[in-house]
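> Take this structure first; my questions come after.
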Amino acid sequence: MRFELSGVTLGYGGDAVVGGLDLEVRSGEILVVVGGSGCGKSTLLRALAGLLPPRGGRILADGQPVRGPSSERALMFQEDALLPWRSARRNVELALAIRKVPDRRRHSERWLAEVGLGEHAARLPAQLSGGQRQRVQLARTLAAQPRAILMDEPFGALDAQTRAGMQQMLLDLHRANPATVVFVTHDVDEALILADRVAVLTPRGVEAVLDASAATKEEILCSLRA
Amino acid sequence: MTALLEQTQAPPAATSGGRRGGYRARWAVRLTSLAAAVLAWQWVTAGDVRLWVRFDRLPTPVEVWRELVRQLGEPVHYEDVAQSLVRILTGFGIAAVLGIGLGIAIGRSRLLADVLQPLFEVVRPIPAIALVPVAILLFPTNEQGIVFITFVSAFFPILVSTRHAVRALPTVWEDAIATIGGGRIRTLASVVLPGALPGVFSGLSVGIGVSWICVISAEMISGDYGVGYRTWKAYTIVDYPGVLVGMLTIGALGWLTSASVERAGRWATRWLPANLKDRTR
Ligand SMILES: Nc1ncnc2c1ncn2[C@@H]1O[C@H](COP(=O)(O)OP(=O)(O)OP(=O)(O)O)[C@@H](O)[C@H]1O
Ligand SMILES: [Mg+2]
């Protein structure tokens, strides 16, 4: 799935958060968005998901204006978005039930195993750690098999080793099934590991879009400071 | 006076046996307290004590006990209990279905809120029992009137708590379902209803309590059977032990119905962190 944003202004209530956003997300690429806290990264993802209509400008997905949420553009939230009364497995099953997939139990256990939580499938969210809950949410998002995966700091609560494992899993999955990924982080190293391209976001808009194979950490940090 | 300033020695703390023995000791205290109250009751009633409050008219616990045993041997007692239970379960059941349904509808739709809310706000402040004359006018039979009063009394607490619970749901749950492709029905069934259950059950708890009050009062005013009717009847024929047995029966049934709702609520919300803790304790 391909996104085109031109002159997009986003905000809540009376206040605009970011204005003048121009950005293209190419089909099948991993675009990593970096930016300081509060600069509007989550807001941008909500707009791409169709949860927040833009105040101005246009957001196109495959040439069509984004009008509302759709299973084609699944968002993995930064905050806890699991249903607390459903076990990890039943949270993942929800995505499968919406797609009317048969044999949900086995599939959801496979997705949980994929994120390293096979043996915790029966636990409720309250019985999991913060990082484990994030991974269940990741499994639920992946189980929806969207054409665009919007990820909001998905590995923020993980230790370095688990995080490296998850990054590798994401790259492997992407290689096997190249959906478009928009990945938000404020970790520049993570951006360089995952990205095809890195977009630097500031409250004034997209400051720069850099090719990850050519860009250096210093370049990204420099545009972040600009 | 130095005598006034003299410090009285504090009595030594009652030996409670520390934390381990505490459980039994506390139950002993509770049971002793109850027994003492019954003894005091026996003493003031058997001794015809008149201290402005006229205990001489009140039946003694022994008389009440005999009356209770007598009534437990008679079918009419069970018919009364069954009749009252049918009334409260019907009224409360209708109130639960409509209260939860309309509470969700009002919580979710601004249009429905604008249409229905004003009506409810006008009727809500009227205590259900004050509707008895209207109920008698409206319904062909007393039975239906009593069920109606019971329904009205439970309906509003259930409606209001459901609406609050629906409005208080975190939007992220709903957004999460929307972004994996869930529609309206899915959101209602998988997010709104289960997420609102803790609030819904606090409404149901309040509702069952007030509907007992109302079913008993309505029976006293216009019933032909039922625990409330029987209690009032006993009063009018100066059968005071019968009155007290009626009161005790009402209390026991009220406790039973409230405890059942409470239990169901704990089961339905067993995922709440507080209930999870209870389970592992
Ligand atoms: N629901 C909301 N209502 C009003 N303002 C909001 C809302 N959500 C976010 N904001 C504001 O919008 C701005 C951008 O928020 P956003 O969540 O997009 O930041 P972010 O880049 O994701 O930050 P972080 O890295 O800390 O997650 C912030 O100033 C925030 O205060
Ligand atoms: Mg954010």
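The values are calculated or read from the model by the stated rules, or taken from the named source; none is laboratory data. Computed from a predicted structure; not experimentally measured. Positions of Cβ are generated from backbone atoms using ideal geometry, with glycine treated the same way; all protein chains shown enter the neighbour counts. When the accessible area is computed, the model is the full protein with side chains, heavy atoms only, and any ligands, DNA or RNA have been set aside. Shrake-Rupley method; radii C 1.70, N 1.55, O 1.52, S 1.80 Å.
> Given H placed on each backbone N at 1.01 Å, which residues far from A:T202 in sequence or on other chains put an amide H within less than 5 Å of it?
A:E207
> Here is a follow-up. I need the fraction of alpha carbon pairs in the protein assembly as shown separated by more than 29 Å, rounded to a whole percent.
The proportion of pairs with Cα distances above 29 Å equals 66 percent.
> Collect residues whose amide H, placed 1.01 Å from N in the peptide plane, falls under 5 Å from the amide H of A:R123; neighbours closer than 5 in sequence don't count.
Amide H to amide H, under 5 Å and 5 or more residues apart or across chains, A:R123 pairs with A:A88, A:R89.
> For chain A, modelled as a GNM with alpha-carbon contacts under 10 angstrom, which of A:G35, A:G13, A:G50 fluctuates the most?
Its mean-square fluctuation being the largest, the pick is A:G13.
> Distance from the Cα centre of segment A:1-58 to that of segment B:70-135, in angstrom?
When both Cα centres are located, 50 Å separates them.
> I'd like the Karplus ³J(HN,Hα) series for segment B:110-116: coefficients 6.51, -1.76, 1.60, θ = phi - 60°, whole numbers in Hz, and an x wherever there's a Gly or Pro.
5, 4, 4, 4, 5, 6, 8
> Give me a comma-separated list of calculated 3J(HN,Hα) values for segment B:223-236, in order, Karplus coefficients 6.51, -1.76, 1.60 applied at θ = phi - 60°, integers in Hz, x for any Gly or Pro.
Those phi angles translate into x, 10, 9, x, 5, x, 4, 4, 5, 5, 4, 4, 4, 5 Hz.
> So how strong a dipole does segment B:124-208 carry about its Cα centre when Lys and Arg Cβ are +1 and Asp and Glu Cβ are -1, to the nearest 20 debye?
140 debye
> When the helix-only estimate is applied to the protein assembly as shown (DSSP H runs of n ≥ 4, each -39,500 (n - 2.57), divided by the residue count), what is the mean residue ellipticity at 222 nm, nearest 500 deg cm²/dmol?
The helix-only estimate for the protein assembly as shown comes to -18500 deg cm²/dmol at 222 nm.
> Now for a different question. Based on the Cα atoms of chain A, what semi-axes does the equivalent ellipsoid have, where each is the square root of 5 times one gyration tensor eigenvalue, given in whole Å with the largest first?
For chain A, the semi-axes come out at 29, 20, 16 Å.
> Mind jotting down the distance between the C-alpha centroids of segment A:147-226 and segment A:75-124, whole Å?
Here the answer is 25 Å between Cα centres.
> Could you compute how much accessible area chains B and A hide from each other, both sides summed, with a 1.4 Å probe? Nearest 100 Å² is fine.
Looking at B and A, the buried total is near 1900 Å².
> Once the dipole of chain B is set up with Lys and Arg at +1 and Asp and Glu at -1 on Cβ about the Cα centre, which of B:T141, B:G91, B:V206 lies farthest towards its positive end?
B:V206
> Further, regarding this structure: Under a 5 Å amide H to amide H cut-off, with H placed in plane at 1.01 Å, what residues pair with A:M76 once short-range neighbours are removed?
Amide H neighbours of A:M76: A:L150, A:M151, A:D152.
> On to the next question. Return the average number of partner chain Cβ atoms within 10 angstrom of each residue Cβ along peptide A:81-92.
Mean shielding count: 4.
> What is the pair-distance distribution P(r) of segment A:64-134, computed from all Cα-Cα distances in 10 Å bins starting at 0, with each bin given as a whole percent?
Values per bin, smallest distances first: 19, 49, 26, 6, 0.
> Got a sec to turn the phi values of segment A:151-157 into Karplus ³J(HN,Hα) couplings, 6.51 cos²θ - 1.76 cosθ + 1.60 with θ = phi - 60°, whole Hz, x for Gly and Pro?
Coupling constants for segment A:151-157: 10, 9, 6, x, 10, x, 9 Hz.
> If you don't mind, another one. Against the longest principal axis of chain A, how steep is helix A:104-114, in degrees 0 to 90 to the nearest 10, with axes from Cα atoms?
With both axes taken from Cα atoms, the answer is about 60 degrees.
> Give, in whole angstrom and from largest to smallest, the semi-axes √(5λ) of the equivalent ellipsoid of segment B:61-279, with λ running over the eigenvalues of the Cα gyration tensor.
Ellipsoid semi-axes (Å, largest first): 39, 22, 12.
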